[in-house]
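Following: one structure in structure tokens, then a few remarks.
The values are calculated or read from the model by the stated rules, or taken from the named source; none is laboratory data. Owing to the predicted nature of the structure, the values given are computational and were not obtained by experimental measurement. Positions of Cβ are backbone-derived with ideal geometry, glycine not excepted, and every protein chain shown enters the neighbour counts. Accessible surface areas use protein heavy atoms only, side chains included; no ligands, DNA or RNA. Shrake-Rupley method; radii C 1.70, N 1.55, O 1.52, S 1.80 Å.
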Amino acid sequence: MIIKHITVVGAGQMGHQIAILAALGGYETTIHDMNEHSLNSARNQLHTLLNRWINKGKLTVKQKDEALVRLSYTTDLKEAVSTTDFVIEAVVEKLEVKRSVFAQLDEYAPKHAILASNSSTIVNSLLASATTRPDKVVNMHFFFPPVVMDCVEVVMSEKTSQETAAITMNVCKQMNRTAVLLQKEISGFIANRILGALHKEAMFLYENGYADFKDIDLICKKALNHPIGPFELMDLSGIDVGYYVMNQRYAETGNPSDLPPEFLKEKVEKGELGRKTGKGFYTYEKEHIKK
């Protein structure tokens, strides 16, 4: 199957960047979001990003113009997917929300269309059961920020077809991203299971007063040679994202140790979600995405 059109559902910090990678890769691309403000924000951020790349010599004006011609925006989900070949879901990391979206995608998208989830932890079999096409459902996990991070975890369930996996791998290649195929699914996949273990220990040490979060970050950077510390990374990725991931893990395991710590819950309730809100563990001035 030849992929000509890609729809990205969700115009947030992940979705709009995934969409521009698709457009730059030559695909006709539609960004869908229920919120018109989110679409306008995505449009403005992408123009800023592309102009920065031009100024740095990483993109030509022609490449920018061609990509923007391929890119469209809509709040109408049926319109967004009715003629698409490939959907990438990038909505909030909550199982019930994603299942609702996948049920709608299954209804509106053509029968040949592949439905991919950018979930950072939820296995696609939990989403595929909301559709009539489990063989065409797959995880396509980009890392934040997608325009910078050159890795995509492509994860198959027992029902994902080899054809679906192969097509998804090819889409990643066309989007100039390195894809790694996992033929067996597990919650959190590979990178986030390893990273989650680090974050879990860092939060334990902070919560129990062994060290301040700034000192934990400093030790990870100076002693382990990490580019940024675990609390800085939580701020970068979005504290709410990590919070929802931990809650989802607990829902699957029932293990109290998988629950997010109270201080993380408090930050989410206060809206202190990291860089995107200007405050998380650290306080930030308004910044733009850089590459």
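How many of the residues making up the range 1-18 are part of a helix (DSSP H, G or I), touching a helix residue (DSSP H, G or I) at 6+ places or on another chain (Cβ under 9 Å) and in contact (Cβ under 8 Å) with a residue 60 or more places away in the chain?
Residues that pass the stated criteria total 2.
I'm trying to understand the selection: among the residues of the range 26-43, which are open to solvent by 70 Å² or more (accessible area, probe 1.4 Å), touching a residue at least 12 places away in the same chain (Cβ under 8 Å) and either in a helix (DSSP H, G or I) or among the hydrophobic types (A, V, I, L, M, F, W, C) (or both)?
Answer for the range 26-43, where residues must be open to solvent by 70 Å² or more (accessible area, probe 1.4 Å), touching a residue at least 12 places away in the same chain (Cβ under 8 Å) and either in a helix (DSSP H, G or I) or among the hydrophobic types (A, V, I, L, M, F, W, C) (or both): MET34, GLU36, ARG43.
Out of the residues in the range 187-203 that are open to solvent by 70 Å² or more (accessible area, probe 1.4 Å) and in contact with a helix residue (DSSP H, G or I) (Cβ under 9 Å, 6 or more places away or on another chain), which is farthest from ASP258 (Cα to Cα)?
GLU201
Which ones in the range 189-217 are over 23 Å from the mean Cα position of the chain (by Cα), farther than 16 Å from LEU264 by Cα and of a type outside the set (A, V, I, L, M, F, W, C)?
TYR210, ASP215, ASP217, listed by residue number.
Restricting to the range 145-159, name every residue that is closer than 8 Å to GLN17 by Cβ and either of a type in the set (A, V, I, L, M) or touching a Ser or Thr at 6+ places or on another chain (Cβ under 8 Å) (or both). Please lay out each step first, then the result.
Of all residues in the range 145-159, those closer than 8 Å to GLN17 by Cβ come to 145-147.
If the condition is that a residue be closer than 8 Å to GLN17 by Cβ and either of a type in the set (A, V, I, L, M) or touching a Ser or Thr at 6+ places or on another chain (Cβ under 8 Å) (or both), then VAL147 is the only one that fits.
Restrict the check to the range 221-229 and report whether at least one residue is touching a helix residue (DSSP H, G or I) at 6+ places or on another chain (Cβ under 6 Å), closer than 29 Å to ASN124 by Cβ and open to solvent by less than 50 Å² (accessible area, probe 1.4 Å).
Scanning the range 221-229, I find no residue that is touching a helix residue (DSSP H, G or I) at 6+ places or on another chain (Cβ under 6 Å), closer than 29 Å to ASN124 by Cβ and open to solvent by less than 50 Å² (accessible area, probe 1.4 Å), so the answer is no.
What is the residue count in the range 52-71 for residues that are open to solvent by less than 60 Å² (accessible area, probe 1.4 Å) and farther than 30 Å from TYR108 by Cα?
Residues that pass the stated criteria total 5.
Within the range 136-175, count every residue that is open to solvent by 30 Å² or more (accessible area, probe 1.4 Å), among the charged types (D, E, K, R) and touching a Leu at 6+ places or on another chain (Cβ under 9 Å).
1
Looking only at residues in the range 204-221 that are acidic (Asp, Glu) and in a helix (DSSP H, G or I), which one is nearest to SER257 (Cα to Cα)? So that I can check it myself, show each step before the final result.
Applying the first criterion (acidic (Asp, Glu)) to the range 204-221 yields 207, 212, 215, 217.
Going one step further and asking which of them are in a helix (DSSP H, G or I), we end up with 207, 215, 217.
Numbers: GLU207: 13, ASP215: 24, ASP217: 22 Å.
Per the criteria, the residue is GLU207.
Pairs needed: first member in the range 153-167, under 11 Å from LEU181 (Cβ atoms); second member anywhere, among the small types (Gly, Ala, Ser) and outside any loop (DSSP other than H, G, I, E, B); C-beta distance under 6 Å; at least 6 residues apart or different chains.
Within 6 Å, the pairs are VAL154/ALA179; MET156/ALA165.
Name the single residue that is surrounded by the fewest Cβ atoms within 10 Å (Cβ to Cβ) among those in the range 232-278 being closer than 19 Å to GLU201 by Cβ and charged (D, E, K, R).
GLU262
Just checking, how many residues over the range 80-102 are farther than 23 Å from MET246 by Cα and either loosely packed, with under 15 Cβ neighbours inside 10 Å or without any contact (Cβ under 8 Å) to a residue 24 or more places away in the chain (or both)? Step through it out loud before you land on a result.
The initial filter retains those residues of the range 80-102 that are farther than 23 Å from MET246 by Cα, namely 80-87.
Now narrow it down to the ones that are either loosely packed, with under 15 Cβ neighbours inside 10 Å or without any contact (Cβ under 8 Å) to a residue 24 or more places away in the chain (or both): 82-83.
Residues meeting the conditions: 2.
Go over the candidates LEU126, LEU95 one by one and state the one that is at pLDDT 95 or above and farther than 26 Å from GLY26 by Cβ.
None of the other options fit; the residue is LEU126.
When you scan the range 88-100, do you find a residue that is of a type in the set (Ser, Thr, Tyr), assigned to a loop (DSSP other than H, G, I, E, B) and over 14 Å from MET14 (Cβ atoms), even just one?
no
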